[in-house]
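Asks: Below you will find the structure I want to go over with you.
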Amino acid sequence: MTSRRLPPTFFATLVFLFTWLAYAQIPRYVMQTWKITGDEPHYLLAAHSIVHDGDFDLKNNYLDGDHREFYSSGFLDPHIKEQPDGTWLLSHDIGLPLILAPAYAWGKRLGVMQCLAFIGALLAAQMFLLGWEVSGKLWAGALGWACLAFSAPVALYVFQIYPEMIGGLIVLWAMRRILDTPAWLDPHTPTLPHALSVWECGGVGVGISTLLWLSGRYIPLALFLLALFIWKNWASRARWIGLSATVIVSLGVYLAFNFTHFGGPTPATTAAGNAVSAGFGNVAGGQIGRGLAGWLFDQQRGLFVFGPILIAAIFGLPHLWRRRKLDGVLLLLPFAISWAVASVWGGFYIGWEISARFLIVGVPLLVAPLA
């Protein structure tokens, strides 16, 4: 039985199961050898408060040392903004703790890491499908999946408690639906207009709205996905108006919440002040240039240095253009947007997290030129 007689979902399911089986073996080892750092313990503590206290007030959790269950370094510097009533709110976006709360209730840190392994496997299946659809060859999609899913940086960020894997899954899936890449497997099937079902439109709307709450850094990506959806579905006015209303309402609530509690469009990233505003407060050409170069080529955190397999994607760009023209360029824009935003905000810096975390949300889409 050949691949032409089996639906793509059959192979995608095999990819998902294989990847999940592989990923699921790793969290226990990671917990023994890899201390959580940076913002990770604060996300876990917020999930702990949601599960055990049923609220977002972290004051008692920090003061009582609830973080000692998963953070062995003793004192944990609070990442909070104190409210007038004495409540301590997490100074990071609350979307990730909300998503991870059920997994934390099930198995604490291990449960969260197993949940992220599951999400990583879903992302791997999506990478496989996109690689196959773009190249038209199953083996190319499989090779692209294997190269990205089992090498740095994706294979490391699967086990980091950050929103990158969830964001990457949403962006990749939404791009596949909006550009209708499954139709690319059949050259006899017209790809225009992109007539998504009501359920697919609803899924795209929920995904874009979720991006906003995962991280303020994803707002440009969310707006790009919304604009792309409107453009590709302009003839279906009821659909894009409904989806736009959903996203705009979510964005409005997000901004209103943050301005009310944090005095700005996004939460502060440290207890000391609004680092987001500070990062955009001193933008200069040299800073941007340093960021554009550093996030890709820095010897410690450069994406191409940390994950050299991604260099192969550069050589696939001309072929991607020949096969998909403008749609091929559009597939790369989420990565370009993340790269540009990270470079404008603060240029380049060395942080706690491994490699170029702010670019990771767009990395899975590089499977297109890689395949």
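Asks: Name, by its number, the condition in (1) open to solvent by 50 Å² or more (accessible area, probe 1.4 Å); (2) closer than 25 Å to GLU133 by Cα; (3) out of contact with any Phe, Trp or Tyr (no Cβ under 7 Å at 6 or more places or on another chain); (4) among the aromatic types (Phe, Trp, Tyr) that does not hold for TRP20.
Replies: Among (1) open to solvent by 50 Å² or more (accessible area, probe 1.4 Å); (2) closer than 25 Å to GLU133 by Cα; (3) out of contact with any Phe, Trp or Tyr (no Cβ under 7 Å at 6 or more places or on another chain); (4) among the aromatic types (Phe, Trp, Tyr), the lone unmet condition for TRP20 is (3).
Asks: May I ask you to list the residues in segment 3-15 that are assigned to a helix (DSSP H, G or I) and either open to solvent by 30 Å² or more (accessible area, probe 1.4 Å) or of a type in the set (Ser, Thr, Tyr) (or both)? So that I can check it myself, show each step before the final result.
Replies: Initial filter on segment 3-15 (assigned to a helix (DSSP H, G or I)): 3-5, 8-15.
Those that are assigned to a helix (DSSP H, G or I) and either open to solvent by 30 Å² or more (accessible area, probe 1.4 Å) or of a type in the set (Ser, Thr, Tyr) (or both): SER3, ARG4, ARG5, PRO8, THR9, PHE10, PHE11, THR13, LEU14.
Asks: Out of LEU138, LEU123, I need the residue that is surrounded by 18 or more Cβ atoms within 10 Å (Cβ to Cβ), under 15 Å from LEU156 (Cα atoms) and either out of contact with any Leu (no Cβ under 8 Å at 6 or more places or on another chain) or among the aliphatic types (A, V, I, L, M) (or both). Which one? I'd like the intermediate steps shown before the answer.
Replies: On the way: LEU138 fails: under 15 Å from LEU156 (Cα atoms).
After ruling out the rest, the residue left standing is LEU123.
Asks: For the structure I just gave you, tell me whether VAL363 is in a helix (DSSP H, G or I), in contact with a Pro (Cβ under 8 Å, 6 or more places away or on another chain), of a type in the set (Val, Ile, Thr) and surrounded by fewer than 20 Cβ atoms within 10 Å (Cβ to Cβ).
Replies: On the way: in a helix (DSSP H, G or I): yes; in contact with a Pro (Cβ under 8 Å, 6 or more places away or on another chain): yes; of a type in the set (Val, Ile, Thr): yes; surrounded by fewer than 20 Cβ atoms within 10 Å (Cβ to Cβ): no.
Against the criterion (in a helix (DSSP H, G or I), in contact with a Pro (Cβ under 8 Å, 6 or more places away or on another chain), of a type in the set (Val, Ile, Thr) and surrounded by fewer than 20 Cβ atoms within 10 Å (Cβ to Cβ)), VAL363 does not qualify.
Asks: So which of PHE315, PHE335, PHE297, PHE304 is closer than 18 Å to GLU164 by Cβ, surrounded by fewer than 20 Cβ atoms within 10 Å (Cβ to Cβ), among the aromatic types (Phe, Trp, Tyr) and at pLDDT 90 or above?
Replies: Numbers: PHE315 fails: closer than 18 Å to GLU164 by Cβ; PHE335 fails: surrounded by fewer than 20 Cβ atoms within 10 Å (Cβ to Cβ); PHE297 fails: closer than 18 Å to GLU164 by Cβ.
Being closer than 18 Å to GLU164 by Cβ, surrounded by fewer than 20 Cβ atoms within 10 Å (Cβ to Cβ), among the aromatic types (Phe, Trp, Tyr) and at pLDDT 90 or above holds for just one of PHE315, PHE335, PHE297, PHE304, which is PHE304.
Asks: Does PRO84 satisfy being open to solvent by 60 Å² or more (accessible area, probe 1.4 Å) and closer than 27 Å to TYR23 by Cβ?
Replies: Working: open to solvent by 60 Å² or more (accessible area, probe 1.4 Å): yes; closer than 27 Å to TYR23 by Cβ: no.
Here the answer is no, as PRO84 does not meet what is asked.
Asks: For segment 318-330, enumerate the residues that are touching a residue at least 60 places away in the same chain (Cβ under 8 Å) and open to solvent by 20 Å² or more (accessible area, probe 1.4 Å).
Replies: To start, the set of residues in segment 318-330 that are touching a residue at least 60 places away in the same chain (Cβ under 8 Å) comprises 320, 323-324, 327-328, 330.
Correct list: ARG323, ARG324, ASP327.
Asks: Return the total of residues in segment 50-65 being open to solvent by less than 70 Å² (accessible area, probe 1.4 Å) and not in a helix (DSSP H, G or I).
Replies: So the answer is 6.
Asks: Give the residue that is modelled with the lowest pLDDT, with candidates limited to residues of segment 157-204 that are small (Gly, Ala, Ser), open to solvent by 10 Å² or more (accessible area, probe 1.4 Å) and part of a helix (DSSP H, G or I).
Replies: If we filter segment 157-204 for residues that are small (Gly, Ala, Ser), which is where we start, we get 167-168, 174, 183, 195, 197, 202-203.
Filter again for open to solvent by 10 Å² or more (accessible area, probe 1.4 Å), leaving 183, 195, 197, 202-203.
Now narrow it down to the ones that are part of a helix (DSSP H, G or I): 183, 202-203.
Details: ALA183: 88, GLY202: 92, GLY203: 93.
For segment 157-204, the residue satisfying everything is ALA183.
Here's the yes/no breakdown for (1) within 17 Å of TYR157 (Cα to Cα); (2) of a type in the set (Asp, Glu); (3) over 22 Å from the mean Cα position of the chain (by Cα):
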| position | (1), (2), (3) |
| --- | --- |
| THR9 | no, no, yes |
| ILE26 | yes, no, no |
| TRP34 | yes, no, no |
| THR37 | yes, no, no |
| PRO41 | yes, no, no |
| ALA47 | no, no, no |
| LYS59 | no, no, yes |
| PHE70 | no, no, yes |
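Asks: Something else about it: Pick out the one residue from TYR29, TYR43 that is outside any loop (DSSP other than H, G, I, E, B), surrounded by fewer than 16 Cβ atoms within 10 Å (Cβ to Cβ) and not β-branched (Val, Ile, Thr). Walk me through how you get there before you give the answer.
Replies: Details: TYR43 fails: surrounded by fewer than 16 Cβ atoms within 10 Å (Cβ to Cβ).
It is TYR29.
Asks: Hey, another quick one. Looking at segment 344-371 only, could you name the residues that are at pLDDT 90 or above and either closer than 14 Å to VAL171 by Cα or among the small types (Gly, Ala, Ser) (or both)? Can you show your working first?
Replies: Residues of segment 344-371 that are at pLDDT 90 or above, as a first pass: 359-371.
Scanning segment 344-371 gives LEU359, ILE360, VAL361, GLY362, VAL363, PRO364, LEU365, LEU366, VAL367, ALA368, ALA371.
Asks: Yes or no: PRO78 more than 15 Å from ASP39 (Cα to Cα) and outside any helix (DSSP H, G or I)?
Replies: no
Asks: Moving on. Checking LYS108 against (1) modelled with pLDDT of 95 or more; (2) buried (at least 24 other Cβ atoms within 10 Å of the Cβ): exactly one of these is not met. Which one?
Replies: Tallying (1) modelled with pLDDT of 95 or more; (2) buried (at least 24 other Cβ atoms within 10 Å of the Cβ), LYS108 fails exactly one: (2).
Asks: Another question, if that's okay. Of the conditions (1) crowded, with 18+ Cβ neighbours inside 10 Å; (2) not in a loop (DSSP other than H, G, I, E, B), ILE36 fails just one. Which one is it?
Replies: Failing condition for ILE36: (2).
Asks: Please verify whether ALA142 is in contact with a helix residue (DSSP H, G or I) (Cβ under 7 Å, 6 or more places away or on another chain), closer than 19 Å to PRO334 by Cα and not in a loop (DSSP other than H, G, I, E, B), treating the condition exactly as stated.
Replies: Details: in contact with a helix residue (DSSP H, G or I) (Cβ under 7 Å, 6 or more places away or on another chain): yes; closer than 19 Å to PRO334 by Cα: no; not in a loop (DSSP other than H, G, I, E, B): yes.
Considered against the rule, which asks whether it is in contact with a helix residue (DSSP H, G or I) (Cβ under 7 Å, 6 or more places away or on another chain), closer than 19 Å to PRO334 by Cα and not in a loop (DSSP other than H, G, I, E, B), ALA142 comes out as no.
The values are calculated or read from the model by the stated rules, or taken from the named source; none is laboratory data. Values in this document were obtained by computation on a predicted structure and should not be read as measured data. All Cβ positions, even for glycine, are placed from backbone atoms using ideal geometry, and neighbour counts span all protein chains on display. Ligands, DNA and RNA are excluded from the accessible area calculation, which covers all protein heavy atoms including side chains. Shrake-Rupley method; radii C 1.70, N 1.55, O 1.52, S 1.80 Å.
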